[in-house]
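The values are calculated or read from the model by the stated rules, or taken from the named source; none is laboratory data. Note that this is a predicted model, so its numbers are computed, not measured. Here Cβ is always computed from backbone atoms with ideal geometry, including for glycine, and neighbour counts include all displayed protein chains. The accessibility values were calculated without ligands, DNA or RNA, using every heavy atom of the protein model including side chains. Shrake-Rupley method; radii C 1.70, N 1.55, O 1.52, S 1.80 Å.
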Amino acid sequence: MRVMLWGDRSVGSGNAAGSFRLGSGILGGVDGAGGTTYDDRIGDEPRGAAAAAPPVRRELLLIGMGAGDPDWLTLEAVRAIRSIDVLFVVLKEAEYDEPVLARREVVRRHRDTPLRVVELRDPPRPWRSAPDYDAAVARWRAQRREQWGAAVGAELAGGGSGGFLVWGDPGLYESTLAIVEELAAAAPADRALTVRVLPGISSVLALAARHRIPLNRQGRAVQISPARLVVDGMPAGVDDVVVMLDGRATFATIDPEGLDIYWGAYLGSADEILIAGPLVQVRDEIAAVRAAATERKGWMFDIYLLRRRQVTPRRTGSVEAGAISRRRRPG
């Protein structure tokens with residue numbers, strides 16, 4: 001775990017041990033130079049801290065930062081970035097450096113004073129090859145909860161507010177909220193941890209905006225799904241599906257008959273890519289462009305809408321229609 005300042009223009013070199021060192025950006029003690037050391041237990045205090053402390057107020061803000069463009073922050077999110085005492089940044093695999101730089105740019109644009117930043121190295125994600133997906137995800141979340149709990153307990157030991165800049169929206173296919181809620185539930189009464197969620201522009205909405213299309217057709221539903229649930233094709237009775245978390249180009253393997261695709265990658269960034277058309281005609285192009293971009297950048301953030309060209313006929317005499325008819329009967 002690294003601790004540093006973002007946006008600090010006043011600190012010089014030659015800081016004493018136990019303070020911020022600009023050469024490495026590491027707080028003394030983490031790299032063996034002395035200072036604070038954190039145990040990997042939920043809510044653990046820095047060693048040597050006072051045994052008794054008065055009740056403190058602690059708050060975690062999950063700040064939706066949008067899907068890639070620093071201008072996609074809400075005014076509420078900007079106020080939160082300016083007010084928090086510490087920012088927790090989760091580092092994933094080595095190839096995901098650009099999302100960290102995007103968070104740094106968001107802070108640079110919207111905060112005038114230095115911000116204390118704690119980097120948390122994410123546990124490996126074994127479920128990509130694990131035979132039991134649910135069990136693998138549960139173990140990974142438990143590891144995250146343990147690590148984050150130790151960091152939050154140490155950084156907010158005396159109270160204050162911390163934040164996570166969450167890509168897109170914290171409420172859509174994002175585990176941060178569930179883990180933070182578990183931390184809050186486990187917090188003791190004298191060190192209560194409140195959670196506040198600030199919505200952001202999700203990649204789902206960004207995709208529709210970039211392609212200039214509505215997500216749904218008139219009077220129709222739209223489904224949002226992980227790719228692993230559409231490996232056998234479009235769900236029965238569903239005409240519009242937004243597909244996320246597709247690490248295997250599932251769109252290229254399903255039956256393309258009668259389907260259009262609206263695909264986007266790196267939405268809101270300088271590397272944004274958009275392709276749309278009949279799936280049978282553009283799926284090979286998308287697969288090739290996607291592979292080349294992944295090779296060039298080392299990572300891929302993409303999302304797409306699969307849409308039936310002909311909508312499924314409406315059922316007549318539905319339960320809903322029957323209910324409306326019954327309500328309109330006199331007497």
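Name the residues in the range 173-190 that are in contact with a strand residue (DSSP E or B) (Cβ under 7 Å, 6 or more places away or on another chain) and open to solvent by 40 Å² or more (accessible area, probe 1.4 Å), would you?
Residues satisfying the conditions are TYR173, GLU174, LEU177, GLU181.
Does ARG220 qualify as being surrounded by fewer than 18 Cβ atoms within 10 Å (Cβ to Cβ) and under 24 Å from the mean Cα position of the chain (by Cα)?
no
Which of the residues that make up the range 280-329 are among the acidic types (Asp, Glu), out of contact with any Lys or Arg (no Cβ under 7 Å at 6 or more places or on another chain) and at pLDDT 55 or above?
ASP284, GLU285, GLU295
Name every residue in the range 238-253 that is surrounded by 15 or more Cβ atoms within 10 Å (Cβ to Cβ), of a type outside the set (A, V, I, L, M, F, W, C) and in contact (Cβ under 8 Å) with a residue 24 or more places away in the chain, in order of residue number.
ASP239, ASP240, ASP246
Of all residues in the range 102-121, which are without any contact (Cβ under 8 Å) to a residue 60 or more places away in the chain, surrounded by 15 or more Cβ atoms within 10 Å (Cβ to Cβ) and closer than 18 Å to VAL90 by Cα?
The answer is VAL106, and nothing else.
For the range 145-164, give me each residue that is under 17 Å from the mean Cα position of the chain (by Cα), in a helix (DSSP H, G or I) and buried (at least 20 other Cβ atoms within 10 Å of the Cβ).
Scanning the range 145-164 gives a single hit, TRP148.
Condition first: part of a loop (DSSP other than H, G, I, E, B) and either of a type in the set (Lys, Arg) or touching a Cys at 6+ places or on another chain (Cβ under 8 Å) (or both). Now tell me which residues in the range 196-220 satisfy that.
ARG212, ARG217, ARG220
Look through the range 55-79, keep the residues that are closer than 18 Å to SER202 by Cα and assigned to a helix (DSSP H, G or I), and return whichever of them is most open to solvent (accessible area, probe 1.4 Å).
Among those that are closer than 18 Å to SER202 by Cα and assigned to a helix (DSSP H, G or I), it is LEU75.
Can you tell me which of PRO199, PRO256, PRO235 is farther than 24 Å from GLN143 by Cα, open to solvent by 60 Å² or more (accessible area, probe 1.4 Å) and of a type outside the set (Gly, Ala, Ser)?
One residue alone meets the criteria, PRO199.
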